[in-house]
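A.B. asks: Pasting a structure here, questions to come.
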Amino acid sequence: MIIDSLDAPAPGSSLLPTPAGDVYTDPEIFRLEQQNIFETMWNCVLRVDSLASAGEWKTVTVGREEIIVVRTRKAGIQAYYNVCRHRGMRVCTTSEGKNKTLQCGYHAWTYALEGDLVAAPNLTSMPDVDRQEYGLKPVQVREWLGYIWVCLADEPPSFEDTVLGEVRTRFGEVQSIDNYGIENLKLGESKTYEVEANWKLIIENFMECYHCATIHPELTEVIPEFADGLASQRKNGEIHGASFGSDIEGFTVDGSSGVTALPAIAPSQDRKYYAITVKPQVFINTVPDHVIIHRMFPQSESRTTVICDWLFLPEVVEQGMDISKSVELFHRVNQQDFEACELTQPSMSSKAYNRGGALVPSEHHIEEFHQWWNETMGYQRAGATESPMTTSGGSVTTDQ
């Protein structure tokens, strides 16, 4: 690796500006992100098979809301706000369970798994109460890739245009990701990381590989081209699978062979790594014998929970094949990335970074993420307040 010295960023097209530091530290900006991004878009929250039988439920946090996701007897997977329609107490007060109905512990208002109000003290003396109207408030649900996706918007954006649109950008066609049969894979390992960094820093890190030669020795050994600083995600949606090294047998921590290959991948997908960012909170990584999916859940302007799943063919998991070297590779990548993000977060509030930093050419595609952020936050409407993504620092007020 050749490291070129530069005393100060030079003007011109080689270096593009990054957002001002307070975009990553301002609680008000984070509140608006929760409102305008996470509470309006499709969020991937749970694996479908984590709710295996009727009555099983889990709670998840999306934006500022807590949601119950439940497998019903009649309507499949459904989701509701975890708010009793009587006086507002949490209906479910633990993170998961299995029940025939969902009952509030305050006044015993009781709801069917399908959401309708079915019982309450003295309910028969109130025949005018509409049991559907006073049922749990529903949330839109979709299933895709073996995961449950929810959207809190009253009128959700098109799943095909948004979520599947991200896939088309990175794979060229949805059918290309279908080759991996992700919806039929089984969970081999799952790890949860509590990252003391803003969610946007994590996305920006995942999108580029300028850092790979510096902090990812195991990854660049398996995929040598990453040492040159070019990521598999490229500008203008260029579709690129990063090739394994010539002497590498599998996507493992030591380059040894992995487990049983996924049977339907195309020849162009063999010995290749592909990566997709599905905004706002999902990363999909595909290799010939397994798939790695990250889900991000922002907790504050400086803390993010990341859940990473390693998915394999059912027989690999059921027969107890050794997946440890496959898991260890990306686990180390995660640890290395998240440490870098955590060491970056404190500088976002430094006076030395109040005007932001710079993107080198191999990072220019990150500007597309910044452009999306501006548009989604509404800063590029006619008459909208100037975007903090393009200001030179300092607090930003908005008309949101």
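A.B. asks: Just to confirm my numbers, what's the Cα centroid distance between the range 198-265 and the range 96-115 in Å?
C.D. replies: Between the Cα centre of the range 198-265 and that of the range 96-115, the gap is 46 Å.
A.B. asks: Radius of gyration and Dmax for the range 52-144's Cα atoms, expressed in Å?
C.D. replies: My reading of the Cα-based Rg and Dmax gives 12.7, 44 Å.
A.B. asks: What is the distance in Å between the Cα centres of the range 129-181 and the range 347-366?
C.D. replies: The range 129-181 and the range 347-366 have Cα centres spaced 33 Å from each other.
A.B. asks: Mind checking the alpha-carbon convex hull of the chain and giving the volume per residue in Å³?
C.D. replies: Each residue corresponds to 157 Å³ of Cα convex hull volume.
A.B. asks: At a Cα cut-off below 20 Å, give the aspartates and glutamates reachable from residue 137, other chains included and same-chain residues fewer than 8 away excluded.
C.D. replies: Cα-Cα hits under 20 Å: 39, 56, 65, 66, 96, 114, 116, 128, 154, 155.
A.B. asks: Oh, and also: As a footprinting exposure proxy, order 348, 126 by other Cβ within 10 Å, with the fewest listed first. Intermediate values should be presented prior to the final figure.
C.D. replies: Values: 348 24, 126 9.
Ascending Cβ contact count within 10 Å gives the list 126, 348.
A.B. asks: Also, quick follow-up: If I take every Cα pair under 8 Å that is 6 or more residues apart in the range 43-151, average their sequence separation and divide by the length, what percent do I get for the relative contact order?
C.D. replies: It comes to 28 percent, rounded to a whole number.
A.B. asks: Which lysines does residue 351 reach when only Cα atoms under 28 Å apart count, and residues fewer than 8 places away in its own chain are ignored?
C.D. replies: Reachable lysines: 200.
A.B. asks: Based only on other Cβ atoms within 10 Å, what is the fewest-to-most ordering of 191, 272?
C.D. replies: So the ranking, lowest neighbour count to highest, is 191, 272.
A.B. asks: Another one. Suppose R0 equals 35 Å. What FRET efficiency, 1/(1 + (r/R0)^6) with r the Cβ-Cβ distance, do residue 214 and residue 187 give to the nearest 0.05?
C.D. replies: 0.65
A.B. asks: Once you place label points 7 Å from the Cα toward the Cβ at residue 300 and residue 174, how far apart are they in nm?
C.D. replies: 4.0 nm
A.B. asks: Under 15 Å from a label point 7 Å along Cα→Cβ of residue 367: give me every residue in the range 200-237 with its amide N that close.
C.D. replies: 234-237, by backbone N distance to the label point.
A.B. asks: Return the inverse of the average 1/r over all pairs of distinct C-alpha atoms in the range 161-348, which is the Kirkwood hydrodynamic radius, in Å to one decimal.
C.D. replies: About 16.8 Å, per the Kirkwood formula over Cα pairs.
A.B. asks: Which of the GluC sites (Glu not before Pro) found in the range 106-198 are loop residues per DSSP with 14 or fewer other Cβ atoms within 10 Å of their Cβ?
C.D. replies: Values: sites: 114, 133, 143, 160, 166, 173, 183, 189, 194, 196; in loops: 114, 133, 173, 196.
Answer in residue order: 133, 173.
A.B. asks: Under the definition of Cα pairs under 8 Å and six or more residues apart, what whole-number percent is the relative contact order of the range 138-219?
C.D. replies: Once normalised by length, the contact order is 22 percent.
A.B. asks: If you don't mind, there's one more thing I want to ask. Fewest first, what order do 240, 216 take by the number of other Cβ atoms within 10 Å?
C.D. replies: 240, 216
A.B. asks: Please compute the modelled spin-label separation between residue 270 and residue 239, points set 7 Å along Cα→Cβ, answer in nm with one decimal.
C.D. replies: Rounded to a tenth, the inter-label distance reads 1.9 nm.
A.B. asks: Near residue 27, within a Cβ-to-Cβ distance under 15 Å, what is the net charge of the other residues, with Lys and Arg +1 and Asp and Glu -1?
C.D. replies: That works out to -1.
A.B. asks: Return the distance in nm (one decimal) between the two label points of a simple spin-label model at residue 228 and residue 101, each offset 7 Å from Cα along Cα→Cβ.
C.D. replies: For residue 228 paired with residue 101, the spin-label model returns 6.5 nm.
A.B. asks: Okay, next question. Taking 1 over the mean of 1/r across every pair of different Cα atoms in the range 101-259, what Kirkwood radius in Å do you get?
C.D. replies: Values: mean 1/r = 0.0484 Å⁻¹.
Answer for the range 101-259: a Kirkwood hydrodynamic radius of 20.7 Å.
A.B. asks: Let me ask something else. So how tilted is helix 159-171 from the main axis of the chain? Cα-based, degrees 0 to 90, rounded to 10.
C.D. replies: Orientation of helix 159-171: about 20 degrees from the principal axis.
No value in this document is a laboratory result; all are computed from the given coordinates. Just so we're clear, the structure is a prediction, and the values are computed from it rather than from any experiment. Heads up, the Cβs are rebuilt from the backbone with ideal geometry, glycines too, and the neighbour counts pull from every protein chain shown.
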